[in-house]
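The values are calculated or read from the model by the stated rules, or taken from the named source; none is laboratory data. Only a predicted model underlies this, so the values are computations on that prediction, with no experimental measurement involved. Note that each Cβ is placed from the backbone with ideal geometry, even for glycine, and that neighbours are counted across all protein chains shown. To get the accessible areas, we keep the full protein, side chains included, count just its heavy atoms, and leave off ligands, DNA and RNA. Shrake-Rupley method; radii C 1.70, N 1.55, O 1.52, S 1.80 Å.
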Amino acid sequence: MTTIRVRLTLIYSGLFLLSSVVLLVTVNLLLRRTLDTRIARLPPGALAPPAPGLPGERPSRPPLPELVNDVIGYQWEVTWLTVAALTLVSLVVGRLVAGRMLRPVHRITATAQRLSLSTLHERIALSGPQDELKELADTFDAMLDRLERSVAGQRRFIANASHELRTPLAVQRAAIEIGLPDDIGEIRRTLLLHNRRAENLIDALLVLAQAEHGLDKRSPVALDEVVRLVLAEKAAGGITMTARAEPFVVDGDPVLLNRLVTNLIDNAIRYNHPGGTVEVTLSHGALTVRNTGPQVPRERFGDLFEPFRRLQTTREQGAGLGLSIVASIAKAHGATVDASPNPGGGLELVVAFTQTRT
């Protein structure tokens, strides 16, 4: 792929060489025409060949027309050597000039690549004359201003929704637990189940929204300690669990990282065979969770990280947000998530972190 810098270099060099070649060829042609005109005006005796010299004498000069031809030939040789040298010089100078002209574009590109929802406060702030590139940078900065205000409004909405949605559900749960008599236990259990499911769904949606909006601040988090804490709190329910976690620290949000590990292990336990196994490994910045379980078709792997997608499951097993939350939290921390099948059934989920802290 030819970059714009190469194209500009070729354009600059081509125009420069074209102008130089036209100039040099014109000078040579005019010089030849001028010399021919001057020779034609000389008296006939001036063009007569000189008398042959005696032995031992210095040879006389060649006839004037031959001398003119020698001078013009030498002039053309110098012209083509000059054109070759100018070709190299024009390519070097053209590349330097193109790079200098494109420097503001590189600055805009670097800022755009560096931006995320957690760094929307950064601006290009390009200085210099009010030209097209300055106008492009200012337009980009104005767009970032609007985007930052929009994200700030969405974050306030999430915080308000968190309070407004959780409070009625908490009141409803208290009313069910306290207000309903024990003789309607089945109805009471059903209402509490749906209430708890609604709370879990709202919590999951809020975590998903928070992760997709990036991290406001980061702090060093010992991911190996998070893994051990989550495993200590889990009741496997007949599932054999093994773990191996090397010391590893990542800059991020401790609450979201705890949720990432929790969702991975919950998913491995929930979608497993009775008496199956779950293996958790943290090594060289990669968190790997393997489990036994049903076969997952490879063509359905893309659905694993989509919200509300369930693979041969029911609503009672989950809302279909577990792995989508994992993917969003991983992305917010600069990590990647990959899924692959295990021989005999089950999945291997790998979260590879790149932003680490030593």
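State which residue is modelled with the highest pLDDT when the search covers only segment 329-346 and only residues that are over 22 Å from Glu246 (Cα atoms) and either part of a strand (DSSP E or B) or among the polar types (S, T, N, Q) (or both). Per the stated criteria, the residue is Ser340.
Of all residues in segment 131-164, those satisfying the criterion of being open to solvent by 70 Å² or more (accessible area, probe 1.4 Å) and without any contact (Cβ under 8 Å) to a residue 12 or more places away in the chain are Glu132, Glu135, Thr139, Met143, Arg146, Arg149, Arg156, Phe157, Asn160, His163, Glu164.
Search segment 1-10 for residues being open to solvent by 80 Å² or more (accessible area, probe 1.4 Å) and without any contact (Cβ under 8 Å) to a residue 60 or more places away in the chain, and hand back the single one that is farthest from the chain's Cα centre (by Cα).
First pass over segment 1-10, keeping only residues open to solvent by 80 Å² or more (accessible area, probe 1.4 Å): 1, 4, 7, 10.
Now drop any that are not without any contact (Cβ under 8 Å) to a residue 60 or more places away in the chain, which leaves 1, 7.
Details: Met1: 18, Arg7: 24 Å.
That would be Arg7.
Of the strands (runs of 3 or more DSSP E) entirely within segment 243-304, none holds at least 2 residues that are aliphatic (A, V, I, L, M), surrounded by fewer than 21 Cβ atoms within 10 Å (Cβ to Cβ) and in contact with a strand residue (DSSP E or B) (Cβ under 8 Å, 6 or more places away or on another chain). Residues of segment 165-187 that are of a type in the set (D, E, K, R), surrounded by 10 or more Cβ atoms within 10 Å (Cβ to Cβ) and without any contact (Cβ under 8 Å) to a residue 24 or more places away in the chain: Glu177 alone.
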